[in-house]
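One structure is given below, encoded as structure tokens.
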Amino acid sequence: MECCWQLWLALCIAPPTWAGDRLLSVCMKTKHHKREPGPEDQLYEECAPWKDSACCTANTSWEAHLDAALLYDFSLVHCGLMMPGCQRHFTQAICFHQCSPNLGPWIQQGAPGGQGERILDAPLCREDCEQWWADCRTSYTCKSNWHGGWDWSRGRSRCPARAPCRPFPHYFPTPADLCEKVWSNSFKASPEHRNSGQCLQKWFEPSQGNPNVPVVRLFASPAASWDLPYTLMAFSLFLLLLS
């Protein structure tokens, strides 16, 4: 009996693991993500901010910059050439999605038959959504949700029948519409500003450090989560029955 009580005491004083810590630096489980973040010195252009700790490889970062991305066989030029400023925002968003290790609190299991895990409602800063929308006002698209509903008959995403190409504001009347609808609520338009510590930036100047680190710390649960709560409860009941 004495050894049982000693085991129970050892379990009680075991240090807790913080559930949030597991979310601070993690990669999604998808075809194109690394298993865990690490340095990547050769990341291409818009993906370069994540070179110190990246979930993408150099090859993935290069593919993210193509008009017809090899990553998901998706074409940004489904309604003709996209304006350079607009395309840059999409490239940054793809790099953010593929390379950032700071999306843990928003990672969800994807739909069956999809690409594995996905992010949901990651809060993009107000300026990110507003500038993205402003720079895409004169570019064209034919859909408001780019996650599905495309014509794949020729191996690349093409506009479905009876889906006319229109300027972005036709399908995305507001900056929030663009941020939230374009990839099925992967992003959420936050009212918070950059450097507030309460929203994510999809791109940042590498020399100024990663502003998303304190944000993910904020959104990761701050409460301690014991690894063995049910074990302790069951063992305590067992001891009561023995006494």
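The values are calculated or read from the model by the stated rules, or taken from the named source; none is laboratory data. All of these numbers come straight from a predicted model, not from anything done at the bench. So basically every Cβ, Gly included, is an ideal-geometry build from the backbone, and we count neighbours across all protein chains shown. Accessible surface areas use protein heavy atoms only, side chains included; no ligands, DNA or RNA. Shrake-Rupley method; radii C 1.70, N 1.55, O 1.52, S 1.80 Å.
Against the conditions (1) open to solvent by 10 Å² or more (accessible area, probe 1.4 Å); (2) modelled with pLDDT under 95; (3) not small (Gly, Ala, Ser), HIS89 satisfies every one except (2).
Conditions (1) of a type in the set (S, T, N, Q); (2) in contact (Cβ under 8 Å) with a residue 24 or more places away in the chain; (3) under 25 Å from TRP106 (Cα atoms), marked per residue:
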{"site": "ASP121", "(1), (2), (3)": "no, yes, yes"}
{"site": "ARG126", "(1), (2), (3)": "no, yes, yes"}
{"site": "TYR140", "(1), (2), (3)": "no, yes, no"}
{"site": "ARG154", "(1), (2), (3)": "no, no, no"}
{"site": "CYS159", "(1), (2), (3)": "no, yes, no"}
{"site": "ARG166", "(1), (2), (3)": "no, yes, no"}
{"site": "LYS181", "(1), (2), (3)": "no, yes, yes"}
{"site": "PHE187", "(1), (2), (3)": "no, yes, yes"}
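Would you be able to say whether some residue in the stretch 167-188 is aliphatic (A, V, I, L, M), at pLDDT 95 or above and not in a helix (DSSP H, G or I)? Yes, that holds for at least one residue. The single condition from (1) in a loop (DSSP other than H, G, I, E, B); (2) farther than 24 Å from ALA48 by Cβ that ASN195 fails is (2). Of the residues making up the stretch 3-42, those that are under 17 Å from LEU103 (Cβ atoms) and either at pLDDT below 70 or of a type outside the set (Asp, Glu) (or both) number 19.
Per-residue answers, yes or no, for (1) farther than 18 Å from GLU130 by Cβ; (2) surrounded by fewer than 16 Cβ atoms within 10 Å (Cβ to Cβ); (3) under 19 Å from the mean Cα position of the chain (by Cα):
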| residue | (1), (2), (3) |
| --- | --- |
| THR174 | no, yes, no |
| GLU180 | no, no, yes |
| SER190 | no, no, yes |
| HIS193 | no, yes, yes |
| GLN201 | no, no, yes |
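When we screen GLY80, GLY85, GLY110, GLY149 for residues that are in contact with an Asp or Glu (Cβ under 8 Å, 6 or more places away or on another chain) and over 24 Å from LEU43 (Cα atoms), the only hit is GLY110.
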